[in-house]
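What follows is a short report on a single structure.
The values are calculated or read from the model by the stated rules, or taken from the named source; none is laboratory data. Please read these numbers as outputs of a predicted model, since none were measured by experiment. Note: ideal-geometry Cβ built from the backbone for every residue, glycine included; neighbour counts use all protein chains shown.
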Amino acid sequence: MAHFFISAAYKSSGKTTVSLGLCAALKKRKLIVQPFKKGPDYIDPMWLGRAAARPCHNLDFNTMSNNEITTTFAHFSQNTDISIIEGNKGLYDGLDLNGSNSNAALCKLIQAPVILVIDARGMTRGIAPLILGYQAFDADVNIAGIILNKLGGRRHEKKLRAVIEHYTNIPVLGAILRDSQLEISERHLGLIPSEESAIADKLIHNVATMIEEQVDLDAILAIANKAKSPEAKEVIAIATHTKDIRIGVAQDAAFNFYYPGDLDALQNAGAELMPINTLKDTQLPDIDGLFIGGGFPEMQMAALEQNAALRKDIYDKIEAGLPTYAECGGLMYLARSIAWNDKKSEMVGVIQGDVVMHEKPQGRGYVRLKETGKGLWKLADNNQTTEIPAHEFHYSSLENIPDDTDFAYEVLRGYGINGKYDGIIYKNLLANFMHLRDVETNHWAERFINFVRKNLH
């Protein structure tokens with residue numbers, strides 16, 4: 001199982017650009033490349049998946065057990081030539097003192113050699129103690145190579161190579177010159193490949209060319225081919241239900257935050273997924289249930305408001321009892337309005353509340369939820385004390401909600417809607433700021449489909 005892990009000394013070193021370029025460059029060599037991303041993330045995986053032409057899957061200690069991580073990695077690496085895992089933050093960064101959920105811990109768990117991306121701007125001899133320190137900090141982490149990034153020129157590269165060769169035993173696998181046109185900025189990351197495919201594909205092509213010219217792909221493949229396969233229990237075949245339920249899924253420039261595994265789980269539970277474009281479609285298709293995930297509705301709020309026909313159809317269908325699940329951006333869309341940058345746009349209005357955008361995150365990071373028992377579907381494992389791991393990242397707040405609002409979740413850690421609760425329940429609608437993930441501790445997709453199926457009778 002050829003694989004390697006792209007990490008960095010610290011955040012914003014350029015590892016996403018490098019990972020994206022490696023996926024595309026190796027694919028150009030006719031290799032089947034399987035991308036993975038550590039942690040909870042939607043945007044990077046969309047880009048990595050586009051570059052590799054395969055869905056990118058997340059490996060996350062917060063929502064998955066060690067065995068689920070290794071079996072997921074093994075399952076999706078089957079019948080591929082190479083797997084690339086992109087880390088988050090720095091190699092040793094994590095939430096606890098012992099680093100149990102760090103990138104380094106994941107590298108050891110899946111036995112992945114690490115290629116360390118170093119933003120070497122302004123560095124010369126000082127790069128040696130940095131590398132040596134990262135090696136010495138955890139001898140069980142296999143730092144197999146270095147990619148120098150954002151270099152000032154070839155003279156700078158020559159100096160760094162000489163220092164690294166003299167003081168360390170780690171090979172330099174690439175040296176990438178600083179080029180602002182090839183860096184993936186926050187603006188680029190906000191682009192939606194399906195909606196701005198020409199821009200996305202051009203950027204991926206340019207980054208792949210940069211990697212081909214400035215990184216030793218053969219050396220990277222040699223490292224990957226020497227990697228040991230992680231120990232994992234045999235992957236159990238997933239039982240699939242006959243597709244008897246039609247679920248509409250909002251998939252467009254406003255709503256696109258979906259885990260591939262969650263969409264698979266919905267289909268395995270018996271759902272036929274029907275794509276919906278909230279910007280262009282004027283009415284819902286013939287569906288039994290609706291799923292509106294996260295995204296950037298604030299970026300499209302004028303267009304969403306303009307499509308009054310669909311907003312009214314969604315309002316009427318939910319009022320009539322259409323089973324609906326919405327996360328974050330979906331919750332924002334179903335509220336009365338979104339206010340941002342001194343502008344305000346009307347939304348669906350089925351949720352009695354108004355969304356206000358803020359300059360700073362209102363909820364960010366890993367969360368823990370406990371079901372209140374008022375939810376639309378049965379409690380996880382029929383045990384009300386079970387904690388559900390999830391995550392949130394929203395700059396929005398929901399204002400002016402009624403005092404008698406029912407909530408599905410008590411927030412044990414995180415913020416949710418009001419710091420105490422999340423998951424607004426209205427008729428057959430459940431809408432929360434939190435992002436759930438269908439994992440062994442919370443198979444929400446099957447529970448939702450069973451709820452939809454029950455409401456057909």
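Listed values, structure above:
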item: Odd one out for Gly414 among (1) over 28 Å from Asn101 (Cβ atoms); (2) in contact (Cβ under 8 Å) with a residue 24 or more places away in the chain; result: (1)
item: Breaking point among (1) β-branched (Val, Ile, Thr); (2) at pLDDT below 95; (3) in contact with a Ser or Thr (Cβ under 8 Å, 6 or more places away or on another chain), for Ile131; result: (2)
item: Scope region 131-181; condition outside any strand (DSSP E or B), closer than 18 Å to Val215 by Cα and among the hydrophobic types (A, V, I, L, M, F, W, C); matching residues; result: Leu160, Ala162, Ile164, Ile170
item: Spans of strands (runs of 3 or more DSSP E) in region 196-297 with at least 3 residues over 24 Å from the mean Cα position of the chain (by Cα), surrounded by fewer than 16 Cβ atoms within 10 Å (Cβ to Cβ) and hydrophobic (A, V, I, L, M, F, W, C); result: none
item: Residue, surrounded by the most Cβ atoms within 10 Å (Cβ to Cβ), within region 420-439, restricted to residues that are part of a loop (DSSP other than H, G, I, E, B) and within 18 Å of the chain's Cα centre (by Cα); result: Phe433
item: Unique match (being in a loop (DSSP other than H, G, I, E, B) and closer than 19 Å to Thr278 by Cβ) among Ile417, Ile338, Ile351; result: Ile351
item: Count of residues meeting criterion [at negative phi, surrounded by fewer than 17 Cβ atoms within 10 Å (Cβ to Cβ) and out of contact with any helix residue (DSSP H, G or I) (no Cβ under 9 Å at 6 or more places or on another chain)] in region 388-400; result: 1
item: Output for region 133-170, where each listed residue is more than 14 Å from Leu91 (Cβ to Cβ) and aliphatic (A, V, I, L, M); result: Leu148, Leu151, Leu160, Ala162, Val163, Ile164
item: Residue within region 309-316 that is touching a residue at least 12 places away in the same chain (Cβ under 8 Å), surrounded by fewer than 17 Cβ atoms within 10 Å (Cβ to Cβ), small (Gly, Ala, Ser) and outside any loop (DSSP other than H, G, I, E, B) present; result: yes
item: Residue list for region 371-397, filter: at pLDDT below 95, charged (D, E, K, R) and in a strand (DSSP E or B); result: Glu371, Glu387
